[in-house]
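Some notes on the structure that comes next.
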Amino acid sequence: MSNPANLQLTQSGELRHFLTAEGLDRLMLERILDTADSFVVIGHQEVKKVPLLRGRTVVNLFFENSTRTRSTFELAAQRLSADVLTLDIKTSATSKGESLLDTLRNLRAMHSDMFVIRHGDSGAAHFIAQQVTPDVAIINAGDGRHAHPTQAMLDMLTIRRHKGKFEPLSVAIVGDIMHSRVARDQIHALKTLGCKDIRLVGPNTLMPNYIDSMGVSIHTDMNQGIDGVDVVIMLRLQTERMAAAFLPSAGEYFRLYGLTRQRLKQAKPDAIVMHPGPINRGIEIESAVADGPQSMILNQVGYGIAVRMAIMSMAMSGQIQQRQASASNPLSAEKRS
Ligand code: NCD
């Protein structure tokens, strides 16, 4: 497959879409984190708005359910001063049979500048950026089991702000790796940012085959997997994506892979605990840990706004540069009507 970074970058290497962490270099990921750091500061101010997307139109299109991702994208766009439209797919013409492509073409005709898309099909965001509306900045808010790069980057921001450099860290990702679009992008981002010890922990039935080539270690024993780690990332069981029974029962899963206070003692004493949410208490994590002093779960939500502001402002400025370059090139196929 061609390098996915090519589709995401302008000719001069600026971000213009954000589809996956895969293929982006360390400098780009660090630029996103540095920019997000400056937005964390803005988030603490009395007035939280900046004019970077003033006059720009952002459309949120969520074809799958979402609470955190959708609301933090909406807030991020508003804090960047964009005009924001969140289309409720259940009441839109998509439910009358209009195809996704027609919906997008209509929204583009309204001179939208950015689409934030969550879709159940892996590859949906790539397809749209490549084939449908390349002159609209496409931000992937989760596509099937494939990628969820803004979640991965907010996780990286959480780790960097609480643990510093990635090189010396040991990070365990625990649970349903196979169905998780989050895990995949986390692995790409952690590797690119220099993390040497990435451990995937879970039952064999929930390990995907793509990981063999990713330079990570695999652990079916939870105590061994989180032994001495700095960061424990818990994942939700994606039962909605499971076509067959992958587990004996939720109780058995919790007994083997649930993060309890007792089990967390295996990790470093100052280890942090993360989870993208929604959390299932008593299935993948004990309440005492989710609400405990090592938990970063609510901090992650706040960092999500800052990271999304960073990515949206960077992609918008790259997209504008690309449009200007296309407008001055008489042979360009990407001219905007
Ligand atoms: C994740 C998602 O949707 O992929 N959640 C999120 O974006 N906050 C993980 C999940 O649903 O388990």
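The values are calculated or read from the model by the stated rules, or taken from the named source; none is laboratory data. Here the structure is a predicted model, which is why all the values come from computation and not from measurement. We place every Cβ from the backbone using ideal geometry, glycine too, and count neighbours over all the protein chains shown. All accessible areas refer to the heavy atoms of the entire protein, side chains included, with ligands and DNA or RNA removed. Shrake-Rupley method; radii C 1.70, N 1.55, O 1.52, S 1.80 Å.
Does Asp185 qualify as being over 23 Å from Gln300 (Cβ atoms) and not small (Gly, Ala, Ser)? No; evaluated as a whole, the condition is false for this residue.
How about the stretch 237-276: which of its residues are at pLDDT 95 or above and within 17 Å of Arg184 (Cα to Cα)? Within the stretch 237-276, Met274, His275, Pro276 meet the criteria.
In the set Ser287, Ser328, only one residue is more than 16 Å from the ligand (Cβ to nearest atom), hydroxyl-bearing (Ser, Thr, Tyr) and in the same structural domain as Gln8 (by TED's automatic domain parsing); that residue is Ser328.
Being open to solvent by 40 Å² or more (accessible area, probe 1.4 Å), among the acidic types (Asp, Glu) and either closer than 21 Å to Arg145 by Cα or in contact (Cβ under 8 Å) with a residue 60 or more places away in the chain (or both) is a property that holds for Asp212. Filter the stretch 230-243 down to the residues that are free of Cβ contacts under 8 Å to residues at least 60 places away in the same chain and either aliphatic (A, V, I, L, M) or near the ligand (Cβ under 9 Å from one of its atoms) (or both), then identify the one that is farthest from Arg263 (Cα to Cα). Top of the filtered list is Ala243. Could you say whether any residue in the stretch 162-180 is out of contact with any Pro (no Cβ under 6 Å at 6 or more places or on another chain), charged (D, E, K, R), under 24 Å from Thr69 (Cβ atoms) and within 16 Å of the ligand (Cβ to nearest atom)? Yes, the stretch 162-180 contains at least one residue that is out of contact with any Pro (no Cβ under 6 Å at 6 or more places or on another chain), charged (D, E, K, R), under 24 Å from Thr69 (Cβ atoms) and within 16 Å of the ligand (Cβ to nearest atom). Each residue in the stretch 47-60 was checked for being touching a strand residue (DSSP E or B) at 6+ places or on another chain (Cβ under 6 Å) and open to solvent by less than 10 Å² (accessible area, probe 1.4 Å), and 3 pass. Residues in the stretch 61-94 that are closer than 16 Å to Asn140 by Cβ and open to solvent by less than 20 Å² (accessible area, probe 1.4 Å) were compared, and the one that is farthest from the ligand (Cβ to nearest atom) is Ala77. No other residue among Val289, Val301 is surrounded by 14 or more Cβ atoms within 10 Å (Cβ to Cβ), over 23 Å from Asp185 (Cα atoms) and touching a residue at least 12 places away in the same chain (Cβ under 8 Å) apart from Val289. Pairs linking a residue in the stretch 148-161 that is open to solvent by less than 10 Å² (accessible area, probe 1.4 Å) to a residue that is among the aromatic types (Phe, Trp, Tyr), with Cβ atoms under 6 Å and 6 or more positions apart or on different chains, are Pro149/Phe18; Leu154/Tyr303; Leu157/Tyr303; Thr158/Tyr303.
In the stretch 95-147, the qualifying residues are those that are acidic (Asp, Glu) and open to solvent by less than 40 Å² (accessible area, probe 1.4 Å), and the one that is farthest from the ligand (Cβ to nearest atom) is Asp135. In the stretch 257-280, what residues are under 19 Å from Glu240 (Cβ atoms) and either exposed (fewer than 14 other Cβ atoms within 10 Å of the Cβ) or not assigned by TED's automatic domain parsing to the domain that holds Leu247 (or both)? The answer is Pro278, and nothing else.
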